[in-house]
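Worksheet: one structure, shown below.
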Amino acid sequence: MSDYKLNDLMCFQLYQASRTMTRLYKDILKPLDLTYPQYIVMVLLWENGAMPFSEVSERLQLKTGTLSPLLQRLEKEGWIRRKHNKNDDRMVEVLLGKKGVENKHIWAEVPCKVAELLDYDDVTYGAYMDVVKDINDHLHDIEKN
């Protein structure tokens, strides 16, 4: 029998931190009528421009069944557009829509609001980001093997 308690499990701490962070974003994104997953899609597009559906799926680690309805809603609201490739109708490209272009400024505003709520100085924020990135990279390496 192990002496581990629930709060001693890294998986539980990461799970709780993720859920709490998502709730912080939910409150900030509510006036924009964006969910956290939709916001992450938008950040990816603001950062990279138009991208194939398959690359959006891969970069965000979202399966087609999860990503498609998310993109449908973003398209319906004018945040993005989807366009079929002229040469291969199965290939879909995801582009910024009118609302996505007009609201690109939130790319910087939202993280600033989150940083304000976290109340970390730049050094502390950077140190935590390094730890989280290291954990994420390590977990992905394990998963690949």
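The values are calculated or read from the model by the stated rules, or taken from the named source; none is laboratory data. What you see is a predicted model, and the numbers here were worked out from it, not measured in a lab. Here Cβ is always computed from backbone atoms with ideal geometry, including for glycine, and neighbour counts include all displayed protein chains. Keep in mind that these areas ignore ligands, DNA and RNA; they rest on the heavy atoms of the full protein, side chains included. Shrake-Rupley method; radii C 1.70, N 1.55, O 1.52, S 1.80 Å.
Just to be sure, is Tyr4 modelled with pLDDT of 95 or more, open to solvent by 70 Å² or more (accessible area, probe 1.4 Å) and of a type outside the set (Asp, Glu)? First the steps, then the outcome.
Working: modelled with pLDDT of 95 or more: no; open to solvent by 70 Å² or more (accessible area, probe 1.4 Å): yes; of a type outside the set (Asp, Glu): yes.
No; evaluated as a whole, the condition is false for this residue.
If you scan the stretch 111-129, which residues turn out to be part of a helix (DSSP H, G or I) and open to solvent by 90 Å² or more (accessible area, probe 1.4 Å)?
Lys113, Glu116, Leu117, Asp122, Val123, Tyr125, Tyr128
Yes/no matrix, rows are residues, columns are (1) closer than 27 Å to Ile135 by Cβ; (2) open to solvent by 70 Å² or more (accessible area, probe 1.4 Å); (3) among the acidic types (Asp, Glu):
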site	(1), (2), (3)
Leu24	yes, no, no
Ile28	yes, no, no
Tyr36	yes, yes, no
Tyr39	yes, no, no
Glu55	yes, yes, yes
Ser68	no, no, no
Asp88	no, no, yes
Val92	no, no, no
Asn103	no, no, no
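Could you list, in sequence order, the residues of the stretch 38-92 that are in a loop (DSSP other than H, G, I, E, B), more than 26 Å from Ile28 (Cβ to Cβ) and within 15 Å of the chain's Cα centre (by Cα)?
Lys63
Contact list please: Cβ distance under 6 Å, first residue in the stretch 13-28 and under 18 Å from Lys113 (Cβ atoms), second residue open to solvent by 70 Å² or more (accessible area, probe 1.4 Å), pairs at least six apart or on different chains.
Thr22/Tyr36; Leu24/Leu117; Tyr25/Tyr36; Ile28/Lys113
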